[in-house]
Amino acid sequence: MTGPGPGRLVVAGEVLTDLVPAGGDGLFRAAPGGSPANVAVGLARLEVPVRFLARLADDAFGRRLRGHLRANGVDLSYAVRAAEPSSLAVVTLAADGSAEYDFRVDGTADWQWTDAELEGACDESVAGLHVGSLAMVLEPGASALSRLVATARETATVSFDPNVRPLLMGSPEEVRPRVEALVAVSDVVKASSEDIEWLHPGVSPQIVAQRWAQHGPALVAVTLGAGGVVCVGRAAGVLRRPGLAVDVADTVGAGDSFMSALLAGLHARGLLGAAARPALGALDGASLSDVLDYAVRAAAVTCGRPGADPPTRDELRG
């Protein structure tokens, strides 16, 4: 993998505190979380310049989250100091390391975006905008972020990860039109097999990826856990890349690390930005396989250690 390409990336969405089981009965560890925040940290650790659009509460959790993001080199120049409290997620881990989430989000900071708060965030220095998860569903902020996407795609690559959270998003029938409207205006889409099963029960990830790819994206990747990834590229067609064997600590943040590394790989090849759309669509199978393998390695590293702890660029060399 070569060094970073031109232009910064912008990530927009939630940053919350995950209360993760800490080994003892009833003990929890407070860990930074939220899919978009994890992607921003993952990009920064891969040495991609990244700006994070966040609404950070001015409470103990919010100050801790702000410190975490800054310590990882994430640009917070457009982060809002919000009057509302921080969002929380209580995490339950299954025997295989997979995670379930119970959220505390009523009236919290992450979902209150206004157009004024987002104005100017995607300037001419921005090659890509990444959005996803709860921030693109929960109002009133979801509508403001959707308007940001519509404006940003005039100059920037748009990437999207639905990262569904059934407890908060409503029914698949309610959420599916919003998700697929965002798919249609995105250049790069990443989802998990669990997302696909919830949105389209009984339909294979490959079939859904192929359907989505017909509506606009140059690249649709669906992660399959230990099974690796299936991807549809406009020029490359259907590709499957294997997973990596790893002693799983948990799967928290693994998909976000995959997303970060996928974007970092495209960024390194100069494939982000509106002017690069033809080249992104023309990405050949060998080059796309290299980018996907890089992303799979990032996810595997994250699975091997507790919590959303994405790898650095040095850890993925070789």
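The values are calculated or read from the model by the stated rules, or taken from the named source; none is laboratory data. This structure is a prediction, so every number in the text was calculated from the model and none was measured. Positions of Cβ are generated from backbone atoms using ideal geometry, with glycine treated the same way; all protein chains shown enter the neighbour counts. Each accessible area value is taken on the protein alone, full model and side chains, heavy atoms only, with ligands, DNA and RNA left out. Shrake-Rupley method; radii C 1.70, N 1.55, O 1.52, S 1.80 Å.
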*Enumerate the residues in segment 47-67 having an amide nitrogen under 15 Å from the point lying 7 Å beyond the Cα of Ala150 toward its Cβ.*
none
*Count the net charge of all other residues whose Cβ sits under 13 Å from the Cβ of Ala254, scoring Lys and Arg as +1 and Asp and Glu as -1.*
-3
*Packing-wise, with mean Cβ within 10 Å as the measure, how do 184-190, 153-159 rank, highest first?*
184-190, 153-159
*Mind checking the dipole of the chain: about its Cα centre, +1 per Lys or Arg Cβ, -1 per Asp or Glu Cβ, Debye to the nearest 20?*
740 debye
*Can you list residues whose amide H is under 5 Å from Val50's amide H, if they're 5+ apart or on another chain and H is modeled 1.01 Å from N?*
Leu9, Asp75
*What fraction of the DSSP beta bridges in segment 149-288 is antiparallel, stated in percent and rounded to the nearest 5?*
60 percent
*Can you give me the Cα centroid spacing of segment 244-305 and segment 1-52 in angstrom?*
15 Å
*Keeping every protein chain in place, order Thr114, Thr302, Thr223 by accessible area at 1.4 Å, biggest value first, i.e. largest first.*
Thr114, Thr223, Thr302
*Starting from the exponent 0.38 and prefactor 2.2 Å, build the expected Rg for segment 88-142 from its residue count and divide its actual Cα Rg by it.*
1.53
*With springs only between Cα atoms under 10 Å apart, run a GNM on the chain and tell me which of Pro140, Pro85, Pro217 wobbles the most.*
Pro140
*Using a cut-off of 10 Å between beta-carbons, work out the net charge of the residues near Val41 (Lys and Arg +1, Asp and Glu -1, Val41 not included).*
-1
*What percent antiparallel are the DSSP beta bridges of segment 1-53, to the nearest 5?*
60 percent
*Efficiency by 1/(1 + (r/R0)^6): what FRET value for Thr312 and Ala279, r their Cβ-Cβ distance, R0 = 25 Å, to the nearest 0.05?*
0.35
*What net charge is computed for the residues neighbouring His267, neighbours being all others with C-beta under 14 Å from the C-beta of His267, Lys and Arg scored +1, Asp and Glu -1?*
+2
_Calculate the FRET efficiency for Asp247 and Ala83 from the Cβ-Cβ distance with a Förster distance of 45 Å, rounded to the nearest 0.05._
0.55
*asked:* Can you give me the Kirkwood hydrodynamic radius for the chain, using every pair of distinct Cα atoms, in Å to one decimal?
replied: 19.1 Å
*For Arg104 and His200, what does the FRET efficiency come to when R0 = 35 Å and r is the distance between their Cβ atoms, rounded to the nearest 0.05?*
0.75
*Given charges at Cβ of Lys, Arg, Asp, Glu: the chain dipole, positive-most of Leu316, Ser77, Ala279*: Ala279
*Which percent, to the nearest 5, of DSSP beta bridges fully inside the chain are antiparallel?*
45 percent
